[in-house]
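Single-structure report; data block below.
Derivation of every value follows stated rules applied to the coordinates shown; laboratory data play no part. From a predicted model like this one, the values you see are computed outputs, not experimental measurements. Quick reminder, even Gly has a Cβ in these numbers, built from the backbone with ideal geometry, and neighbours come from all protein chains shown.
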Amino acid sequence: MIIWYVYCIFIVLIKIAITSIKIVKENLLLIKGGGLLSKLVVVQAGERIKNTWMGK
C-alpha cells in the first residue's frame, strides 16, 4: 500500500519535471526570437505548470 503511494507521487513528480523542461525549452527559443510574444508564453507556461500541479 505504501509502495503504491510512493510510486504514484514519483510518477506525478516526473510528469511535472518533464512538462517544466518542455516549457523552459519553448520559452528559451521564444525569448531569443522576440519580446512581447515570449512574455505572453512565459505567462501561459506559468499557468500550465500551475494546472499540472493542480492536476488539470
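Distance between the 7 Å Cα→Cβ label points at Val42 and Val6: 3.9 nm.
Quick check on the exposure proxy: order Ile14, Ile23, Ile3 from fewest to most C-beta atoms within 10 angstrom. Could you put the intermediate results ahead of the total?
On the way: Ile14 10, Ile23 18, Ile3 7.
So the residues, fewest neighbours to most, are Ile3, Ile14, Ile23.
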